[in-house]
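Trainee: Encoded as C-alpha cells, here's the structure I'll be asking about.
Read-outs throughout are calculated quantities, based only on the coordinates presented, and are distinct from any laboratory measurement. Computed from a predicted model, the values in this text were never measured in an experiment. As a convention, Cβ positions derive from the backbone with ideal geometry for all residues, glycine included, and neighbour counts pool all protein chains shown.
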Amino acid sequence: MEAKTPSQSKTIMTDMVLPSETNPLNNLFGGELLARMDRAASIAARRHSRRITVTASVNHVAFNRSVPLGSVVTVEAKVSRAFKTSMEVYLDVWVEDRKSGKREKANEAIYTFVAVDDNGNPVKVPELKPETPLEIERFEAALRRKQLSLVLAGKMKPDDATELKALFFH
Ligand SMILES: CC(C)(COP(=O)(O)OP(=O)(O)OC[C@H]1O[C@@H](n2cnc3c(N)ncnc32)[C@H](O)[C@@H]1OP(=O)(O)O)[C@@H](O)C(=O)NCCC(=O)NCCS
C-alpha cells in the first residue's frame, strides 16, 4: 500500500450556525460542533484509507472560543498519523468574521478512526508521510496520544506505554 500525505485526506466543511443549533446563550451547542467534526474527520479517514471508517475514540476536544449564532464555521480535518488499522485525525475549527472575512481559530479536536471491512473487522491502512513542520509535530505526538487513549480505555498497561512514560520520566 502506497503511503499518503496529510493533504490527500484534507477535508473542509463550511456551514452556518442556525438557531436550532445553539444553546440558551445563542452560541453553537457543543454537541453540534462534535457532530460536524466527526463527519469531517470520518471523510478524511475514508479519503486516507478508502475504507469504511468508524469512530474509535475522541481523544481531545478544547472549546476555547464560543461560536455565535449566524457565524460561518469552517471545520478542517486531516489524518495526522496512520497506525496499523487506526488513524488519528486532527481537526482545526475556524470562524469567519462577517465584516473583514478574516478567519480566527475557534477550536481544535483529535479523533481516532478505525478502517473496517464489510463485517466491521479492522483492516490495514496506508502509512502517512507528514510534510509540513506542523504535520511532522502532530505526527510525532500522535503515538503518545494513542498510548494515553489506550491506557485510559483499559486496553494497554501503563507500563507498556513507553513513549508516553518518557514525557514524565527522564
Ligand atoms: C473501533 C473498533 C473497530 C475497534 O475494535 P477492537 O476490537 O478494539 O479492535 P482492535 O483491538 O484490533 O483495535 C483496532 C485499532 O483500534 C485502536 N483502538 C481501539 N480502541 C482505541 C481507543 N480507545 N483509542 C485509540 N485507539 C483505539 C487499536 O489500537 C487498533 O489500532 P492499530 O491497529 O492501528 O494498532 C470497535 O471497538 C468498534 O467497532 N467500535 C464501535 C465503533 C462505532 O460504532 N463508532 C461510532 C460510535 S456511535
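Trainee: Evaluate the following for V17: is it within 18 Å of W94 (Cα to Cα), surrounded by 19 or more Cβ atoms within 10 Å (Cβ to Cβ) and out of contact with any helix residue (DSSP H, G or I) (no Cβ under 7 Å at 6 or more places or on another chain)?
Mentor: Numbers: within 18 Å of W94 (Cα to Cα): yes; surrounded by 19 or more Cβ atoms within 10 Å (Cβ to Cβ): yes; out of contact with any helix residue (DSSP H, G or I) (no Cβ under 7 Å at 6 or more places or on another chain): yes.
Yes, satisfied.
Trainee: Look through the stretch 63-108, keep the residues that are touching a Pro at 6+ places or on another chain (Cβ under 7 Å) and farther than 23 Å from T22 by Cβ, and return whichever of them is farthest from the ligand (Cβ to nearest atom). Please lay out each step first, then the result.
Mentor: Step one: of the stretch 63-108, the residues touching a Pro at 6+ places or on another chain (Cβ under 7 Å) are 69, 78-80, 82, 85.
Okay, now just the ones that are also farther than 23 Å from T22 by Cβ, so 78-80, 82, 85.
Values: K78: 17, V79: 12, S80: 13, A82: 8, T85: 3 Å.
Across the stretch 63-108, the extreme among qualifying residues is K78.
Trainee: Tell me, which residue of the stretch 118-161 that is more than 10 Å from the ligand (Cβ to nearest atom) and small (G, A, S) is farthest from E2 (Cα to Cα)? Please lay out each step first, then the result.
Mentor: Filtering the stretch 118-161 down to residues more than 10 Å from the ligand (Cβ to nearest atom) leaves 118-119, 126-144, 157-161.
With small (G, A, S) added as a condition, the list becomes 141-142, 161.
Values: A141: 23, A142: 20, A161: 28 Å.
Checking each candidate, the answer is A161.
Trainee: Identify, from the list A115, A153, the residue that is within 16 Å of the chain's Cα centre (by Cα) and among the hydrophobic types (A, V, I, L, M, F, W, C).
Mentor: Working: A153 fails: within 16 Å of the chain's Cα centre (by Cα).
After applying the criteria, what remains is A115.
Trainee: Which condition does N59 not pass, out of (1) of a type outside the set (G, A, S); (2) surrounded by fewer than 21 Cβ atoms within 10 Å (Cβ to Cβ); (3) more than 9 Å from the ligand (Cβ to nearest atom); (4) under 12 Å from the mean Cα position of the chain (by Cα), if it passes all the others?
Mentor: (3)
Trainee: Right, here's the next one. Give the residues of the stretch 65-84 that are touching a helix residue (DSSP H, G or I) at 6+ places or on another chain (Cβ under 9 Å) and either closer than 14 Å to F139 by Cα or crowded, with 16+ Cβ neighbours inside 10 Å (or both), sorted by residue number.
Mentor: Correct list: V67, V73, V75, E76, A77, K78, V79, S80, R81, A82, F83.
Trainee: Another question, then. Quick check on the stretch 86-106: of everything there that is within 15 Å of R36 (Cα to Cα) and under 11 Å from the mean Cα position of the chain (by Cα), which residue is surrounded by the most Cβ atoms within 10 Å (Cβ to Cβ)? Steps first, answer last, please.
Mentor: At the first step, the residues of the stretch 86-106 found to be within 15 Å of R36 (Cα to Cα) are 89-95, 106.
Filter once more, keeping what is under 11 Å from the mean Cα position of the chain (by Cα): 89-93.
On the way: V89: 30, Y90: 26, L91: 25, D92: 18, V93: 27.
Checked the stretch 86-106; the qualifying residue surrounded by the most Cβ atoms within 10 Å (Cβ to Cβ) is V89.
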